[in-house]
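Enquirer: My structure is below; once you've seen it, I'll send some questions.
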Amino acid sequence: MLRTPDGLAALRRRSVNRILVLHGLSSFCYGMVFPFIGIHLAAQPDIGTSGVAVYYGVSGVANLSVSLLLASAALRLPRHALGITGLLLWLSCFLLLTQGETLVTVVAAAVLGGAGQGCFMAAIIPIVNSLVPPEERRAVFARRYQILNATLAAGSLLAGLVLTVFSRDAITWLLVANAAGYLPVALALALARKVPEIRETPEGGTTPDAEETPGGAASPEPATPAVPEPAGRPAAPAARALGTGMLIRATLGAALFQFGAYLIGYSQFEATAPLVADQLMDTGIGWISVMLTLNVVVIVTTQRPITKLLERFPEEYGLRIAVGLWAVGLLVAGFTAFGPQPVQLSGLLAYAVFFALGECAYSCSFHPWLISRVPDRELTRASALCNSMMGVGMFIGPAIGVALISLDHAAWVWLPLAGLCALVGLTTLRRTPRTPAPAPKDPDLVPAG
């Protein structure tokens, strides 16, 4: 059938919306279990709290290993197949956790879950990007972040109500529901394979949409006169995969930013802040829930206006604003920590608000910034590299928070972290715009990549 450019654009838009909605459904299902995985495992007689640490440690190592294999091109799969594989590995992980009564079973589930995360996180950004024109990237990635946060919080709230009514044995059924939630996303990725992608031009832009032939394939581009090669010399390849060294150089700033954002930002908010509130501020569990809920509410309500505000600036400006807002929140929490408890509590809630505003700036800036630094054909490897740095940051970050908590005052947790935010911002200072890999003058002189 014939498709006009407007028809192709609408088809891509429907495909992106389907992926985002079903990804949100899986996030809702994950929200029902992620606060309770540790509780479920620790309750098993042969696992306990040490088994919980083993589960998260093994999962992190598996995620890092798969991400590095993908980044090095030692493991190559088409992006849609890679994403579906990751979802099926995740599904297997949570089904196995329902039978997680021995440490061997828990380790096997952790390997499946970590590998699944490594595969899916490397694939989802290139898939969405291939269906979105450059001018819509920020809005789409910001909307994705908004949906995932809102659904994750809603899932957690529902699970809390379910477990209040029923016993903790219901966690097993929540694990099954979460596993089932990955199947619709896999279907959405499978359907997206049939949607014509926005193709990259040799100059780094995109081609205009072409009509399709009756067979459903895009019609070929108008032919251009061929330039004959000198006799006896083989033609250079039109596009050559970046070697690992070149890929690292192209994405170093983005990878370092991702490492810093999760080391100093996300891991501290998710792991350290509740510990500080409980151990150093004596706020009680209720106020920790209020802090987390306030964070999600701010993200959902302010993501769109912040995205529109930042669209006029380069992406790295948005990332600097993100870490700047995190630093301001940490400073407010740090200085109010010297006051009475109501003032300390106000500072903690202000930190939750500033961190949420920074998350909004991050979500609409980071992935478009990464996309601008590498050719589309290398985006899966670049995403895998940044995902590996995210995993390392999340793994090390809580240890930094625990070390600072040992200083026995909330201010000496927040203020050093505020200073470290400046180092994270430095990773955005050098901008290397995406440029196509030049055709080699002599193929024999090009090192193998």
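The values are calculated or read from the model by the stated rules, or taken from the named source; none is laboratory data. In this text the structure is predicted, and so the values were computed from the model without any measurement. All Cβ positions, even for glycine, are placed from backbone atoms using ideal geometry, and neighbour counts span all protein chains on display. Just the protein is used for accessible areas: all its heavy atoms, side chains included, with ligands, DNA and RNA removed. Shrake-Rupley method; radii C 1.70, N 1.55, O 1.52, S 1.80 Å.
Enquirer: Applying 1/(1 + (r/R0)^6) with R0 = 56 Å to the Cβ-Cβ distance of Arg377 and Asp408, what FRET efficiency is obtained, to the nearest 0.05?
Expert: Approximately 0.60, to the nearest 0.05.
Enquirer: Compute the length gained on full extension between Arg304 and Glu101: take 0.36 nm times their separation in residues and subtract their Cα-Cα distance, giving the result in nm to one decimal.
Expert: 68.6 nm
Enquirer: Taking the Cβ of Glu270 as the center, what net charge do the other residues with Cβ under 15 Å away carry, scoring Lys and Arg +1 and Asp and Glu -1?
Expert: -2
Enquirer: Hey, what's region 1-85 come to in accessible area per residue, 1.4 Å probe, Å²?
Expert: Solvent-accessible surface per residue comes out at 47 Å².
Enquirer: Not counting ligands, DNA or RNA, and with a 1.4 Å probe, what is Ser50's accessible surface area in Å² rounded to the nearest 10?
Expert: The accessible area of Ser50 comes to roughly 80 Å².
Enquirer: Please compute the modelled spin-label separation between Arg312 and Phe338, points set 7 Å along Cα→Cβ, answer in nm with one decimal.
Expert: Result for the modelled spin labels: 3.8 nm.
Enquirer: Can you compute the modelled spin-label distance between Asp282 and Ile248, with each label point 7 Å from Cα toward Cβ, in nm?
Expert: If labels sit at Asp282 and Ile248, their model points lie 5.0 nm apart.
Enquirer: Multiplying the sequence separation of Ala42 and Ala190 by 0.36 nm and subtracting their Cα-Cα distance, what value in nm do you get?
Expert: Fully extending the segment from Ala42 to Ala190 adds 49.6 nm.
Enquirer: Next question, about the same structure. With r defined as the distance between the Cβ atoms of Ala81 and Val61 and R0 fixed at 25 Å, what FRET efficiency is calculated, to the nearest 0.05?
Expert: Using R0 = 25 Å, I get an efficiency of 0.60.
Enquirer: Taking Cα centroids, how far is region 286-350 from region 11-66 in Å?
Expert: So the separation of the two Cα centres works out to 25 Å.
Enquirer: On to the next question. Calculate, for region 279-388, the solvent-accessible area per residue in square angstrom, rolling a 1.4 angstrom probe over the heavy atoms of the protein chains.
Expert: 37
Enquirer: When you count, for each residue, the other Cβ atoms within 10 Å and take the mean per peptide, how do 293-301, 15-23, 317-325 rank with the highest first?
Expert: Final packing ranking: 317-325, 15-23, 293-301.
Enquirer: From largest to smallest, what semi-axes in whole angstrom does region 1-86 give when each is the square root of 5 times an eigenvalue of its alpha carbon gyration tensor?
Expert: 38, 20, 7
Enquirer: Can you give me the % of accessible surface on region 58-123 that is carbon or sulfur? Probe 1.4 Å, all protein chains present, nothing else counted.
Expert: That share works out to 73 percent.
Enquirer: Which three extents, in whole angstrom, do the alpha-carbon atoms of region 96-163 cover along their principal axes, largest first?
Expert: 50, 31, 11
Enquirer: Restricting things to alpha carbons, tell me how big region 289-426 is in terms of Rg and Dmax, in Å.
Expert: 16.4, 55
Enquirer: Given a 1.4 Å probe and heavy atoms of the protein chains only, how would you sort Lys194, Lys308, largest accessible area at the top?
Expert: From most exposed to least exposed: Lys194, Lys308.
Enquirer: Could you rank the peptides 153-161, 83-91 by their average count of other C-beta atoms within 10 Å per residue, with the highest value first?
Expert: By packing density, highest mean first, the sequence is 83-91, 153-161.
Enquirer: Enter the per residue convex hull volume of region 317-378, computed from alpha-carbon coordinates, in Å³ rounded to the nearest integer.
Expert: Here the figure is 63 Å³ per residue.
Enquirer: Could you please state how large a percent of the accessible area of region 263-309 is carbon and sulfur, counting protein chains only and using a 1.4 Å probe?
Expert: 66
Enquirer: For an R0 of 30 angstrom, estimate the FRET efficiency from the Cβ-Cβ distance between Ala154 and Ser50 and round to the nearest 0.05.
Expert: According to the calculation, E is roughly 0.40.
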